[in-house]
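J.: Got a structure for you, questions after.
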């Protein structure tokens, strides 16, 4: 009896299952961190394959990015400038993607001696955009053609920036209009005004509440993750292509998880059990 | 070092912020809170650089008498007459508040209101049954408009139900799919920037 008493006392002092959760994890983030590690793993594997020279799947054709050459060519033939904007957000991943495309556009504009106008809404992005364009002109062998006044910070206020760009459209009449970044309510105003001046338009927006305005007004639109494949697609660098393939592999895994969750919710009548498990 | 230093700073600060979202050890939360404060200070300095950049641009416009150079004078007057008022009275002072309420906000509302006209012109140009996708867009748009406007319900009580179904089922599914792809793309781009694989933003070339 005394041994049973000691066993019960030991069991009472034993840590409860929830106390076994490592304290260094933020509450509810365990599975999130595992998924992040899996994404790192997928991308890491594809980067190693690319560096080893092993074959990796190519990126499918993206009409919007192929059209950039067409847009620059059109602007060159018409003798009118190209307008580019990396969006309304500060330094986010979307802006990095926009700056990668700006670098390629600036190089081609320098090669064809076509004027490139870049407008920025964020003061923080302005010096970086200037440096990107300047470097692109340098790499194209045309440092003399770079004009710092053509890379402009207009305003931090949303509609002040929008009206400034509308004024630029009316004065400069760009033949190509590339809006590549995160856009909000001004997306339709800018896209429609660009359409009214007859510019060929290429747009990319991660804001799903505004993407449809781009789709109905612009000639080419990059939706969702397509805009993040631009650097890899345009440079054709195997390592960058490998990261895009890695992210696609992870997307397939997420898709399978969604299908699994749908089947679970259908069979069990509720997905609460699975959700509670994933929120541990 | 000019090329490597920005990459090192991005890697260290990015990894610290990422780890703080998932883990809680040592003094990580305090370190990330300090980084947040530093980024606010840097944004403020960036605003100052923005004002200098704007001044340079518009002074050049006036000096070289570029197209519509007189609007540059208006811009410069607006900046340099408003700035001392805000510095003296503060952003909540009577004059800045009056300017915000009676000048900035009505102008912003007017520009936002232009959206209505642009929606009509965009709809007129794009809602044409050129092909299957355009026809589906046209039919869905008409059903949604009839469902949202009171006249649709007056014509037939089923329009609001169809409109709600379009919004809650196929539209939500599409938006969520795009969002999932975009968020994974954002994460992969962030990893590329953290690891220094994407360097176009440093201005040092590929």
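J.: Only one of A:129, A:97, A:106 is touching a strand residue (DSSP E or B) at 6+ places or on another chain (Cβ under 8 Å), facing chain B (nearest Cβ under 7 Å) and under 22 Å from residue A:201 (Cα atoms). Can you tell me which?
T.: A:97
J.: When you go through (1) buried (at least 20 other Cβ atoms within 10 Å of the Cβ); (2) in contact with a helix residue (DSSP H, G or I) (Cβ under 6 Å, 6 or more places away or on another chain); (3) farther than 16 Å from residue A:109 by Cβ; (4) facing another protein chain (nearest Cβ under 10 Å) one by one for residue A:211, which number turns out not to apply?
T.: Status for residue A:211: all satisfied but (2).
J.: Consider residue A:90 carefully, then state whether it is within 18 Å of residue A:191 (Cβ to Cβ) and either out of contact with any strand residue (DSSP E or B) (no Cβ under 8 Å at 6 or more places or on another chain) or assigned by TED's automatic domain parsing to the domain that holds residue A:161 (or both).
T.: No, not satisfied.
J.: If you go through segment A:235-247 one residue at a time, how many are modelled with pLDDT under 85 and assigned to a helix (DSSP H, G or I)?
T.: Looking only at that region, the number is 4.
J.: Could you check segment A:66-94 and list, in sequence order, the residues that are within 14 Å of chain B (Cβ to nearest Cβ) and more than 26 Å from residue A:167 (Cβ to Cβ)?
T.: Residues satisfying the conditions are A:91, A:92, A:93.
Let's see how each residue does on (1) in contact (Cβ under 8 Å) with a residue 24 or more places away in the chain; (2) part of a helix (DSSP H, G or I); (3) out of contact with any strand residue (DSSP E or B) (no Cβ under 9 Å at 6 or more places or on another chain); (4) within 22 Å of residue A:222 (Cβ to Cβ):
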site: B:124; (1), (2), (3), (4): no, yes, yes, no
site: B:130; (1), (2), (3), (4): no, no, yes, yes
site: B:170; (1), (2), (3), (4): no, yes, yes, yes
site: B:182; (1), (2), (3), (4): no, yes, no, yes
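J.: Kindly indicate which of A:193, A:140, A:123 is within 22 Å of residue A:240 (Cβ to Cβ) and touching a helix residue (DSSP H, G or I) at 6+ places or on another chain (Cβ under 7 Å).
T.: Exactly one of A:193, A:140, A:123 is within 22 Å of residue A:240 (Cβ to Cβ) and touching a helix residue (DSSP H, G or I) at 6+ places or on another chain (Cβ under 7 Å), namely A:140.
J.: Is it true that some residue in segment A:139-146 is on the phi < 0 side of the Ramachandran plot and either within 24 Å of the chain's Cα centre (by Cα) or facing chain B (nearest Cβ under 10 Å) (or both)?
T.: yes
J.: Just the residues that are free of Cβ contacts under 8 Å to residues at least 60 places away in the same chain and more than 10 Å from chain A (Cβ to nearest Cβ), please, taken from segment B:1-31.
T.: Result: B:1, B:4, B:5, B:8, B:9, B:12, B:13, B:16, B:17, B:27, B:30, B:31.
J.: Filter segment A:74-83 down to the residues that are buried (at least 21 other Cβ atoms within 10 Å of the Cβ), out of contact with any helix residue (DSSP H, G or I) (no Cβ under 6 Å at 6 or more places or on another chain) and not in a helix (DSSP H, G or I) and list them by number.
T.: A:83
J.: On the basis of being closer than 30 Å to residue A:153 by Cβ and more than 20 Å from the chain's Cα centre (by Cα), does residue A:72 make the cut?
T.: It is true that residue A:72 is closer than 30 Å to residue A:153 by Cβ and more than 20 Å from the chain's Cα centre (by Cα).
J.: Now, a different point. Would you say residue B:54 is within 9 Å of chain A (Cβ to nearest Cβ) and either closer than 14 Å to residue A:152 by Cβ or surrounded by 13 or more Cβ atoms within 10 Å (Cβ to Cβ) (or both)?
T.: yes
J.: Across segment A:214-226, which residue is farthest from residue A:92 (Cα to Cα) among those that are at the interface with another protein chain (Cβ under 7 Å from one of its Cβ atoms) and in contact (Cβ under 8 Å) with a residue 12 or more places away in the chain?
T.: Only one residue fits best here, namely A:217.
J.: Residues of segment A:157-185 being in contact with a helix residue (DSSP H, G or I) (Cβ under 7 Å, 6 or more places away or on another chain) and facing chain B (nearest Cβ under 8 Å), which ones?
T.: Once the filter is applied, which keeps residues that are in contact with a helix residue (DSSP H, G or I) (Cβ under 7 Å, 6 or more places away or on another chain) and facing chain B (nearest Cβ under 8 Å), segment A:157-185 yields A:158, A:159, A:162, A:163, A:185.
J.: Now for a different question. When you look at residue B:162, is it within 8 Å of another protein chain (Cβ to nearest Cβ), surrounded by 11 or more Cβ atoms within 10 Å (Cβ to Cβ) and in a helix (DSSP H, G or I), yes or no?
T.: For residue B:162, the condition - within 8 Å of another protein chain (Cβ to nearest Cβ), surrounded by 11 or more Cβ atoms within 10 Å (Cβ to Cβ) and in a helix (DSSP H, G or I) - is not met.
J.: Would you please name the residue that is farthest from residue B:49 (Cα to Cα), looking only at residues in segment A:132-151 that are touching a strand residue (DSSP E or B) at 6+ places or on another chain (Cβ under 6 Å) and crowded, with 23+ Cβ neighbours inside 10 Å?
T.: If we take residues in segment A:132-151 being touching a strand residue (DSSP E or B) at 6+ places or on another chain (Cβ under 6 Å) and crowded, with 23+ Cβ neighbours inside 10 Å, then A:133 is farthest from residue B:49 (Cα to Cα).
J.: Sort out which residues of segment B:172-193 are at the interface with chain A (Cβ under 7 Å from one of its Cβ atoms), within 19 Å of the chain's Cα centre (by Cα) and more than 17 Å from residue A:231 (Cβ to Cβ), and write them in order of number.
T.: Answer for segment B:172-193, where residues must be at the interface with chain A (Cβ under 7 Å from one of its Cβ atoms), within 19 Å of the chain's Cα centre (by Cα) and more than 17 Å from residue A:231 (Cβ to Cβ): B:175, B:178, B:179.
J.: Surrounded by 13 or more Cβ atoms within 10 Å (Cβ to Cβ), within 27 Å of the chain's Cα centre (by Cα) and more than 30 Å from residue B:160 (Cα to Cα): which single residue out of B:107, B:114 fits that description?
T.: Result: B:107 is the single residue among B:107, B:114 that is surrounded by 13 or more Cβ atoms within 10 Å (Cβ to Cβ), within 27 Å of the chain's Cα centre (by Cα) and more than 30 Å from residue B:160 (Cα to Cα).
J.: For the structure I just gave you, tell me whether residue A:260 is crowded, with 22+ Cβ neighbours inside 10 Å and part of a helix (DSSP H, G or I).
T.: No, not satisfied.
The values are calculated or read from the model by the stated rules, or taken from the named source; none is laboratory data. All figures in this text were calculated on a predicted structure; none of them were measured in a lab. Glycine also receives a Cβ, built like all others from the backbone with ideal geometry; neighbour counts cover every protein chain displayed.
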